[in-house]
Amino acid sequence: MGQMPSLGAPMKRYAKEHSEEAMSMYTEVLDQVNHMYPDRRLRFDAHSNYVMSTDDVVRHFESVGIYNDVYTATVEIADKCSSSIKTGLSLLPKFSKKFDSAEYLREIAELGLRELGHYGKQEYMERLSEELDIITRLNFCDYFLIVWDICAFADRQGIARGPGRGSVGGSLLAYCLGITKVDPIRWGLLFARFINPERVSWPDIDMDFEDKRREEVKDYVREKWGDDNVASISTYGEFKSKSVIKSAASLYQVDYKTINDLTAKFETLDDLRKIDDGRDFIRKYPNLMKIAERLENRVRTAGAHAAGVVISSEPLWKVCPIETRAEKGADDRLKVIAYDMNEAEKIGLLKFDFLGLKALAVTNDCIKMIKERHGIDVENASLGLDDDIVIHNFNTDSLVGIFQAEGTGYKSLIADMGIESFVDIVASNALVRPGSFVTQGAQYVACKKGLKEPEYHHEVLEPILRETYGTIVYQEQLMQMAQAFGFSGAEADILRKIIGKKRDAAEFLPLRQKFIDGACEYVDKRVAVELWDALEKSSMYQFNKSHSVAYSMLSYQTMWLKHYYPLEFIWSCLTNEQKNEDITTFLNEADRLSIRVVAPDINESGASFTLVGDEIRFGLSNVANCGPSAIREIGRASCRERV
């Protein structure tokens with residue numbers, strides 16, 4: 001083998017050569033850094049840090065005694081290299097090569113419908129067939145099968161899953177597959193809110209798992225699809241207007257009070273230029289502003305998406321760059337693709353979200369403890385959704401530990417509206433959102449209490465708005481109103497997406513006209529315009545009913561467990577809590593419920609809280625300065641004594 005040729009290339013940090021003004025600013029920044037760190041001076045004046053032309057490279061090498069053979073060999077190799085970023089690839093894995101995905105999906109969906117007791121019912125059969133036809137036509141079958149398999153793994157391992165999250169509650173197929181526990185026909189949910197067949201984009205099924213076992217699910221995915229084919233997604237933080245001013249100001253040693261007072265007075269750099277204090281600041285630090293302008297919207301930090309994972313049919317290194325990130329509390333670095341979720345989608349990678357929810361760990365541990373102590377499985381009973389006593393408890397002061405119901409805003413809302421049914425719990429979960437209560441919420445409460453008559457405008461809208469007393473609370477109601485006035489399900493979803501934005505007049509105005517024309521078939525034009533205006537005004541605060549139903553099921557379940565098994569429930573809340581202030585809250589709630597919590601005992605206590613008879617005993621980890629190693633040693637000593 002002949003000797004390898006020498007290669008050479010100048011080190012570069014910038015795409016373009018600095019202008020005189022920019023170089024002056026760059027030098028001044030170095031001066032500031034060197035002033036702050038006199039023992040570690042930085043110098044780059046001897047280097048040309050921009051990407052040079054061929055002639056500049058030749059002159060650079062020859063000036064230091066390097067001649068033609070080195071850079072000629074470098075250019076030769078460069079000419080033989082090529083790279084391109086392909087987009088729109090089909091990178092979703094096929095679920096199995098042994099059978100047809102569409103046929104298999106239909107088979108297990110119909111089996112699930114039979115197990116749910118709805119097989120043969122016309123409405124369910126037609127809805128399932130329609131959804132399967134759309135999903136098959138859009139080539140989404142493998143996606144649903146992959147999600148189904150992940151959920152099935154969690155169930156086999158006893159890892160708690162949520163009833164659903166987001167718009168997937170509108171899919172009967174997802175209900176039949178066990179991906180959700182939400183019956184969309186019972187609750188009037190729309191498949192078009194989940195998948196719009198006229199605007200093809202991949203489904204987005206977010207999966208909630210109990211937080212302390214979420215990593216087991218990720219490990220399963222890596223094992224099943226291959227470590228080379230699975231990775232987390234990158235996130236990138238940018239320099240925003242306020243942060244870039246603060247960062248640049250630190251180089252110029254501007255005191256914190258001055259900069260904090262200033263950043264409280266503006267949102268954008270344009271705002272800064274318009275205020276008196278901003279203009280004074282810019283005059284005092286002219287180069288600081290130049291730095292800020294260059295850095296604004298540039299990447300500041302790189303991290304990993306907390307929940308997002310991609311699964312690819314190809315090894316990821318073939319389709320995108322791979323990096324690693326330090327992971328808090330982990331010995332190994334986390335593998336990530338160097339794309340954020342939008343860039344990943346462009347090349348054809350599909351994101352799966354695995355989210356951790358502490359409330360699921362609480363309910364799961366509580367149900368297991370009930371079974372261990374009482375010999376009964378209460379999971380189905382706890383999701384009955386029709387127990388009047390449980391529903392009434394939402395109107396009491398017994399909301400500690402109840403999913404999504406502990407906040408001051410929620411308590412205030414309940415005090416105003418009152419909870420009389422599960423439908424009210426669903427509405428409360430939607431209305432408690434910021435801005436909703438002062439708009440739709442006030443009208444909802446007034447009509448619910450009989451202080452104001454519900455207004456339906458026409459009998460065709462009454463079935464849509466009756467459960468919310470004539471108030472448009474949910475996005476699904478907007479879509480149903482549009483469908484009543486002649487929109488298809490897909491068109492209604494398009495309307496939902498753009499009505500609050502009004503950015504594309506070419507799309508917005510025809511939809512507005514179509515809505516008004518359709519409404520005029522039932523009411524006069526004045527009322528039709530009023531209906532549109534009401535929709536447009538409320539659209540900013542309308543909530544996804546599918547999500548509200550799913551999360552209300554978890555709210556109900558936690559209340560059911562707390563009412564019928566308060567000892568096990570409070571124990572589970574304490575066991576799954578790490579924050580001292582929240583532990584104190586649960587201890588106070590235990591006292592209110594007359595549940596005894598006794599001091600730790602070196603012979604009886606475990607690491608965490610334990611149940612002893614009808615009492616809860618403190619765990620050793622709650623003792624000051626008693627860490628994991630001490631607890632392990634105590635455990636070993638106790639075992640030796642028992643032997």
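The values are calculated or read from the model by the stated rules, or taken from the named source; none is laboratory data. Everything numeric here is computed off the predicted structure, so don't read it as measured data. All Cβ positions, glycine included, derive from the backbone under ideal geometry; neighbour counts span all protein chains shown. Heavy atoms of the whole protein, side chains included, go into the accessibility calculation; ligands, DNA and RNA do not. Shrake-Rupley method; radii C 1.70, N 1.55, O 1.52, S 1.80 Å.
Take every Cα pair under 8 Å in the stretch 330-460 that's 6+ residues apart, average their separations, divide by the length, and report that relative contact order as a whole percent.
Value for the stretch 330-460: 13 percent.
Please state the relative contact order of the stretch 177-319 as a whole percent: Cα pairs under 8 Å, 6+ residues apart?
Working: 102 pairs, mean separation 52.7, N = 143.
It comes to 37 percent, rounded to a whole number.
Name all residues of the stretch 107-125 having a backbone nitrogen under 16 Å from the label point set 7 Å from the Cα of Asp377 along its Cα→Cβ direction, giving them as ranges.
115-116
Label Asp55 and Tyr522 with points 7 Å out from Cα along Cα→Cβ: what is the distance between them in nm?
With each label placed 7 Å out from Cα toward Cβ, I get 7.4 nm.
Can you list the residues, at least 5 places off or on another chain, whose amide H is less than 5 Å from the amide H of Ala231, using H built in the peptide plane?
For Ala231, whose amide H was placed from the backbone, the distant partners under 5 Å are Val310.
To the nearest 20 debye, what charge dipole does the stretch 559-631 have about its Cα centre, counting +1 at the Cβ of each Lys and Arg and -1 at the Cβ of each Asp and Glu?
60 debye
Once the Cβ-Cβ distance between Ser129 and Asp155 is put in as r, and R0 is 22 Å, what FRET efficiency do you end up with, to the nearest 0.05?
0.25
Across the chain, what fraction of all alpha-carbon pairs, as a whole percent, falls in each successive 10 Å bin from zero upward?
Reading upward from the zero bin: 3, 11, 17, 21, 20, 15, 9, 4, 1, 0.
Report the Cα centroid-to-centroid distance between the stretch 542-570 and the stretch 95-144 in angstrom, as an integer.
29 Å
³J(HN,Hα) across the stretch 175-181 via Karplus (A = 6.51, B = -1.76, C = 1.60, θ = phi - 60°), whole Hz, x for Gly/Pro?
Result, rounded to whole Hz: 5, 5, 7, x, 5, 10, 10.
Say each of Lys497 and Thr324 gets a label point 7 Å from the Cα, pointing the same way as Cα to Cβ; how far apart are those two points in nm?
Placing both labels 7 Å along Cα→Cβ, they lie 3.9 nm apart.
Once fully extended, how much extra length lies between Asp183 and Asp100, figured as 0.36 nm per residue of separation less the alpha-carbon to alpha-carbon distance?
Stretched fully, the Asp183-Asp100 segment lengthens by 27.2 nm.
Would you work out the charge dipole size for the chain about its Cα centre, treating the Cβ of every Lys and Arg as +1 and the Cβ of every Asp and Glu as -1, and quote it to the nearest 20 debye? Walk me through the numbers on the way to the answer.
On the way: 81 positive and 99 negative charges, 212 e Å.
Result for the chain is approximately 1020 debye, rounded to the nearest 20.
Which one of Tyr256, Ile367, Val598 has its Cα pushed farthest toward the positive end of the charge dipole of the chain, where Lys and Arg give +1 and Asp and Glu give -1 at the Cβ?
Highest projection toward the positive end goes to Tyr256.
Counting other Cβ atoms within 10 Å of each Cβ, which GluC sites (Glu not before Pro) in the stretch 576-612 have at most 15 and sit in a DSSP loop?
Sparse-neighbourhood loop GluC sites (Glu not before Pro): Glu604.
Which far-off residues, 5 or more places away or on another chain, put their amide H under 5 Å from the one on Tyr474, with H placed in the peptide plane?
Phe543
With all protein chains present, how much of the accessible area of the chain (probe radius 1.4 Å) comes from carbon and sulfur, to the nearest whole percent?
Accessible surface attributable to carbon and sulfur in the chain totals 50 percent.
Please work out how much length the chain gains when fully extended from Ser90 to Glu459, using 0.36 nm per residue of separation minus the C-alpha to C-alpha distance, in nm with one decimal.
So the chain would gain 128.1 nm between Ser90 and Glu459.
If you average the C-alpha positions of the stretch 448-527 and of the stretch 246-281 separately, how far apart do those two centres end up, in angstrom?
46 Å
Positive end of the charge dipole of the stretch 440-513 (Lys, Arg +1 and Asp, Glu -1 on Cβ, about the Cα centre): tell me which of Ala492, Met481, Gln440 has its Cα farthest that way.
Gln440
Calculate how steeply helix 141-156 sits against the longest principal axis of the alpha-carbon atoms of the chain, using the helix alpha-carbon long axis, and give the answer as 0 to 90 degrees to the nearest 10.
Value to nearest ten degrees: 70.
Tell me which trypsin sites (Lys or Arg not before Pro) from the stretch 544-589 have a DSSP coil assignment and no more than 10 other beta carbons within 10 Å of their own.
Values: sites: Lys545, Lys562, Lys579; in loops: Lys579.
Taking the stretch 544-589 and a limit of 10 other Cβ atoms within 10 Å, the loop trypsin sites (Lys or Arg not before Pro) found are Lys579.
Counting DSSP beta bridges with both partners in the chain, what percentage is antiparallel, nearest 5?
Details: 20 of 32 bridges.
Restricted to the chain, the bridges split so that about 60 percent are antiparallel.
Under the definition of Cα pairs under 8 Å and six or more residues apart, what whole-number percent is the relative contact order of the chain?
Relative contact order of the chain: 13 percent.
Can you work out the PRE-style zone for Ser243? Point 7 Å along Cα to Cβ, and I want the residues of the stretch 276-306 with backbone N under 12 Å.
It comes to 296-303, nothing else.
Between Leu111 and Val75, how many nm apart are label points set 7 Å from Cα along the C-beta direction?
It works out to 6.6 nm between the two label points.
Report the one residue of Cys176, Phe144, Thr235 whose Cα lies farthest in the direction of the positive end of the charge dipole of the stretch 139-258 (charges on C-beta: Lys and Arg +1, Asp and Glu -1; origin at the Cα centre).
Thr235
Between the DSSP loop rule and a limit of at most 14 other Cβ atoms within 10 Å, which trypsin sites (Lys or Arg not before Pro) in the stretch 309-411 are left?
Lys328, Arg333
Straight distance only, please: which lysines reach the Cα of Lys335 with their own Cα at less than 16 Å, same-chain residues fewer than 8 apart left out?
Those lysines meeting the cut-off are Lys218, Lys318, Lys351.
Taking the solvent-accessible surface of protein heavy atoms with a 1.4 Å probe, what is the per residue accessible area of the stretch 535-580 in Å²?
Values: 1410 Å² over 46 residues.
Ligands and nucleic acids excluded, the figure is 31 Å² per residue.
Mind checking the full-extension length gain between Gln513 and Gln578? Use 0.36 nm per residue of separation minus the Cα-Cα distance, one decimal, nm.
The Gln513-Gln578 span can extend by a further 17.9 nm.
Only four residue types carry charge here, +1 at the Cβ of Lys and Arg and -1 at the Cβ of Asp and Glu. Report the dipole size of the stretch 330-372 about the Cα centre in Debye, rounded to the nearest 20.
Dipole of the stretch 330-372, to the nearest 20 debye: 120 debye.
Let me know the shape class of the stretch 94-155, please: from the alpha-carbon gyration tensor, a ≥ b ≥ c as square roots of the eigenvalues, rounded when a/c is under 1.5, otherwise prolate if a/b is greater than b/c, or oblate.
Oblate shape, in that a/c is at least 1.5 and b/c is the bigger or equal ratio.
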